[in-house]
1. Looking at D49 and the list (1) at pLDDT 95 or above; (2) in a loop (DSSP other than H, G, I, E, B); (3) surrounded by 10 or more Cβ atoms within 10 Å (Cβ to Cβ), which single condition is not satisfied?
2. Can you go through K22, K61, K16, K44 and tell me which one is on the phi < 0 side of the Ramachandran plot and at pLDDT 90 or above?
3. Which one of these is at pLDDT 90 or above and in a loop (DSSP other than H, G, I, E, B): A4, A27?
4. Within the set of pairs 6 or more residues apart or between chains, which connect a residue that is more than 18 Å from A28 (Cβ to Cβ) inside segment 47-67 to a residue that is loosely packed, with under 10 Cβ neighbours inside 10 Å and of a type outside the set (D, E, K, R) with Cβ atoms less than 6 Å apart?
Amino acid sequence: MDEADLAQQEVELSLKLSLQRKEPSLAATGTCYFCSESLPEGQKFCDSDCEEDYRRLQWQKSQRVRG
């Protein structure tokens, strides 16, 4: 493994840890967090589109200036 591989591993680990710190864990509630559709036990979103839309909305809310 060369220096570039080690640097890439370090960047990936740093990103993974950063995302874990910023994003609170969501508990499965039986409904989709975005569209509120009923879900099987253990699921948080009905599909990848709802998950992406939910995360985008949360990011947008975090970027708003509060005054």
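1. Tallying (1) at pLDDT 95 or above; (2) in a loop (DSSP other than H, G, I, E, B); (3) surrounded by 10 or more Cβ atoms within 10 Å (Cβ to Cβ), D49 fails exactly one: (2).
2. Answer to the check: K44.
3. A27
4. Matching pairs, first to second residue: none at all.
The values are calculated or read from the model by the stated rules, or taken from the named source; none is laboratory data. Quantities reported herein were computed from a predicted structural model and do not represent experimental measurements. With ideal geometry, Cβ positions are generated from the backbone for all residues, glycine too; neighbour counts draw on all protein chains shown.
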